[in-house]
Amino acid sequence: MLRDFRSYYLGLIIVLLSFVLLNSGCYKFEGGQTVPAYLRIDTVFLETYYPDEGTNSHNITDVWIYVNDGLVGAFELPALIPVLAQGSNELEIRPGIKLNGISSTRVPYPFYEPIVLENFVFYPDSVQELKSLTTNYYSNLNFAWMEDFEASGISLVESPSSDTTIDQTQPKDNPVAFLSENSQYSGVINLTNEKPIFAAASFSSFPIPKQGSPVLMELDYKTDNFIGTGLLVWEFGTLEKIPLLVIKHSDDWNKIYINLGPNLSLNAQASEFQVYFEAGLEYTSNSATIYLDNIKVIYR
């Protein structure tokens, strides 16, 4: 019940903010229009070319709406969106995410293309449902690392401090794995009292992108144990470990977008970096299982 109230008030606040933005002149509308047109958007899909971009797994939680380049507002999906416009206008829909999995850091995802409807006709006092909205990755992205655990080898290497390993789920299409058209396996880490520590990093290191470039890691996970993730940065022959984020428990498969860029920009003289994961069995448990899948490190 508390969650329902929170969702209601969040939606109400977003709608009120959108009207404030409208009244402040973010975009022009005809005359003294006071009756909005409404857009109904339930979801946005992602389409990928699997060999180069990996699976179409996503966690698009919001849409950022623009009319004639003016911001209307950000809306949590599913959304009923009031727009003070009528007739033919340019409608732009930017897919949004929770950066680092935090609700207060909702942003348009910089690697998903906006959906642009150049001559969209608005009808005041009516609801228009926008179905089958699909976005793609921009074509100029660098997928520096992708690990989907479909091959026999795994591009994560355990450190000497790790007393357990990450393995491929078995058998094929095991229901505990992340299953989709291109996914029959996931990575699994088992922690026990006898083997309570996991620590591993990407096998390859990656060049530091141009300073200020957006760099993000996408990750699907399911876990009953906290997972730490961060960067290993090589600078003047010295390795610096930079913790970034602790991923919380999730009984179901969830997706997170982790922002790597600011920390890489702080190490402008660094030559390359790796991504690491680590976990220690929580003292309240005798065992734990961590599942990972669809890891992508992307930058422009």
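Take the residues in segment 203-220 that are part of a strand (DSSP E or B) and out of contact with any Ser or Thr (no Cβ under 6 Å at 6 or more places or on another chain); name whichever of them is nearest to Ser287 (Cα to Cα).
Kept after step one, since they are part of a strand (DSSP E or B), are these residues of segment 203-220: 206-207, 215-220.
Of the ones still in play, those that are also out of contact with any Ser or Thr (no Cβ under 6 Å at 6 or more places or on another chain) are 206-207, 215-219.
Details: Phe206: 34, Pro207: 37, Val215: 34, Leu216: 31, Met217: 27, Glu218: 26, Leu219: 23 Å.
My answer is Leu219.
Which ones in segment 222-243 are farther than 23 Å from Asn294 by Cα and of a type in the set (Asp, Glu)? Glu235, Glu240, listed by residue number. A single entry from Asp167, Asp220, Asp163 fulfils the requirement of being closer than 21 Å to Ala279 by Cβ and within 20 Å of the chain's Cα centre (by Cα): Asp220.
Do you know which of the residues in segment 221-250 that are in a loop (DSSP other than H, G, I, E, B) and among the aromatic types (Phe, Trp, Tyr) is nearest to Gly96 (Cα to Cα)? Please lay out each step first, then the result.
Residues of segment 221-250 in a loop (DSSP other than H, G, I, E, B): 224-226, 236-237, 248-249.
If we keep only those that are among the aromatic types (Phe, Trp, Tyr) as well, we get 226, 236.
Values: Phe226: 25, Phe236: 37 Å.
Selected residue: Phe226.
Out of the residues in segment 122-154 meeting the condition of being among the polar types (S, T, N, Q) and under 24 Å from the mean Cα position of the chain (by Cα), tell me which one is surrounded by the most Cβ atoms within 10 Å (Cβ to Cβ).
Of segment 122-154, the ones among the polar types (S, T, N, Q) are 126, 128, 132, 134-136, 139-140, 142, 152.
With under 24 Å from the mean Cα position of the chain (by Cα) added as a condition, the list becomes 132, 134-136, 139-140, 142.
Numbers: Ser132: 7, Thr134: 12, Thr135: 20, Asn136: 16, Ser139: 9, Asn140: 7, Asn142: 14.
Looking at residues that are among the polar types (S, T, N, Q) and under 24 Å from the mean Cα position of the chain (by Cα), I get Thr135.
For segment 280-292, does any single residue satisfy the condition of being of a type in the set (D, E, K, R) and surrounded by fewer than 13 Cβ atoms within 10 Å (Cβ to Cβ)? Lay out the reasoning, then the answer.
Within segment 280-292, the first condition is being of a type in the set (D, E, K, R), and the residues that meet it are 282.
Next, from what is left, pick out any that are surrounded by fewer than 13 Cβ atoms within 10 Å (Cβ to Cβ): none.
Looking for residues that are of a type in the set (D, E, K, R) and surrounded by fewer than 13 Cβ atoms within 10 Å (Cβ to Cβ), one finds none in segment 280-292, hence no.
Among the strands (runs of 3 or more DSSP E) confined to segment 1-87, there are none with at least 3 residues that are of a type in the set (A, V, I, L, M), at pLDDT 95 or above and on the phi > 0 side of the Ramachandran plot.
Residue-by-condition table, conditions (1) of a type in the set (D, E, K, R); (2) in a loop (DSSP other than H, G, I, E, B):
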{"residue": "Asp252", "(1), (2)": "yes, no"}
{"residue": "Tyr257", "(1), (2)": "no, no"}
{"residue": "Pro262", "(1), (2)": "no, no"}
{"residue": "Gln269", "(1), (2)": "no, yes"}
{"residue": "Val275", "(1), (2)": "no, no"}
{"residue": "Glu278", "(1), (2)": "yes, no"}
{"residue": "Ala288", "(1), (2)": "no, no"}
{"residue": "Ile295", "(1), (2)": "no, no"}
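Checked against (1) outside the structural domain of Val44 (by TED's automatic domain parsing); (2) under 18 Å from Ile227 (Cβ atoms), Asn182 meets all criteria but (2). Of the candidates Pro209, Pro196, the single residue that is modelled with pLDDT under 95, more than 19 Å from the chain's Cα centre (by Cα) and either under 22 Å from Trp253 (Cα atoms) or assigned by TED's automatic domain parsing to the domain that holds Tyr257 (or both) is Pro209.
Could you please let me know if Ser155 is out of contact with any His (no Cβ under 9 Å at 6 or more places or on another chain), modelled with pLDDT of 95 or more and in the same structural domain as Phe277 (by TED's automatic domain parsing)?
Values: out of contact with any His (no Cβ under 9 Å at 6 or more places or on another chain): yes; modelled with pLDDT of 95 or more: yes; in the same structural domain as Phe277 (by TED's automatic domain parsing): yes.
Spelling it out, Ser155 is indeed out of contact with any His (no Cβ under 9 Å at 6 or more places or on another chain), modelled with pLDDT of 95 or more and in the same structural domain as Phe277 (by TED's automatic domain parsing).
The values are calculated or read from the model by the stated rules, or taken from the named source; none is laboratory data. Note that this is a predicted model, so its numbers are computed, not measured. All Cβ positions, even for glycine, are placed from backbone atoms using ideal geometry, and neighbour counts span all protein chains on display.
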